[in-house]
1. Within the range A:121-157, which chymotrypsin sites (Phe, Trp or Tyr not before Pro) sit in a loop by DSSP and count at most 12 neighbouring Cβ atoms inside 10 Å?
2. Using the Karplus curve 6.51 cos²θ - 1.76 cosθ + 1.60 with θ = phi - 60°, work out ³J(HN,Hα) for each residue of the range A:20-31 in order, rounded to whole Hz, and write x for Gly and Pro.
3. For the pair A:Ile97 and A:Trp115, how long in nm is the line joining their label points, each one 7 Å along Cα→Cβ?
4. Kindly express, to the nearest 10 degrees and within the range 0 to 90, the angle between helix B:61-91's C-alpha long axis and the longest C-alpha principal axis of chain B.
5. Taking the alpha carbon gyration tensor of the range A:26-162, what are the square roots of 5 times its eigenvalues, largest first, to the nearest whole Å?
6. So what is the relative contact order for chain B, in percent, with contacts set as C-alpha pairs under 8 Å and at least six apart?
7. Let me have the relative contact order for chain A, percent, based on Cα pairs under 8 Å that are six or more residues apart.
8. On a 0 to 90° scale, report how tilted helix B:7-27 is relative to the longest principal axis of chain B, with both axes built from alpha carbons and the result rounded to the nearest 10.
Amino acid sequence: MSLADIVFYVFALITVISAFIVVFSRSIIYSAFSLLFTFFGVAGLYVLLNADFLAVTQLLIYVGGILVLLLFGVMLTSKVVSVEIKTGTLQTLPAVIVTAAVAGTLGWVYWITDWKVLPLREFSSSASRIGELLMTQFLLPFEVASVVLLVALLGAAMIARR
Amino acid sequence: MLPEVGLTHYLFISGLLFALGIFGVVTRRNAVMVLMGIELILNSANINFIAFSRYGGMNMDGQLAAVFVIILAAAEAAIMLAIILNIYQQFNTVNVDEVSRLKE
């Protein structure tokens, strides 16, 4: 068992345990902060998968942007001082059945499928490759994404200040 | 001893995150919690994309798809929080079961 394998198991454990806390914690603030560790663990998995640029992007956008937005959402919509920030759960038994069915099906498919794994090619840096592809093969999705972001942010500002 | 890490390990992690995200979306009544469940699901999809990109011989298409997923997740979070804030002003609650009217 190499060092990379040990690092993988550590990050996988961090990710899964904190995701469990996100879903099962009674307090929404604990869920939000636990989501931070999930994102960190996923970023670590990206590094192990040779996706260094995406790991940094994950930290910048998810931890730096989306999580802060979520915390703002929690604090602006719950009375932090007076009432305890709790969120009820309903229909636990059907949800458990559905979730177990989904997880079981996914795991079964992952297990029985004979995945064709290619050997790792030599590559220089993922960031420069991604930049090249964004300017050549993926130019149209890239431009569309920029327009989508602009429209989404304008729309969010419009909706929020009404 | 634990087996050597391969593609299946990453797929199992992503499947577990996906199932947990579904569970969060289905059971939680707070709209912000539903949003967190959606973020978990998007992260699990990203792990799949990048794992297949790595084990498909460092094919960069998977990583590009993950970049676009992250972009759309950011846009979606911003809009959903704006909507949640509006709902809170109108109804004084963010319980998705109680918010059943689109209009006053």
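1. A:Phe123
2. Once rounded to whole Hz, the list reads 4, 5, 4, 7, 9, 5, 6, 9, 6, 5, 4, 4.
3. About 3.2 nm, to one decimal.
4. Once rounded, one gets 20 degrees.
5. Ellipsoid semi-axes (Å, largest first): 33, 27, 16.
6. 26 percent
7. Taking the mean separation of contacting Cα pairs over the length of chain A, I get 18 percent.
8. Approximately 10 degrees, to the nearest 10.
Just so you know, all these numbers are worked out from the coordinates, no wet-lab data involved. Predicted model, so just to flag it, every value in this text is computed and none were measured. For neighbour counting, all protein chains shown are included, and Cβ atoms are generated from backbone atoms with ideal geometry for every residue, glycine included.
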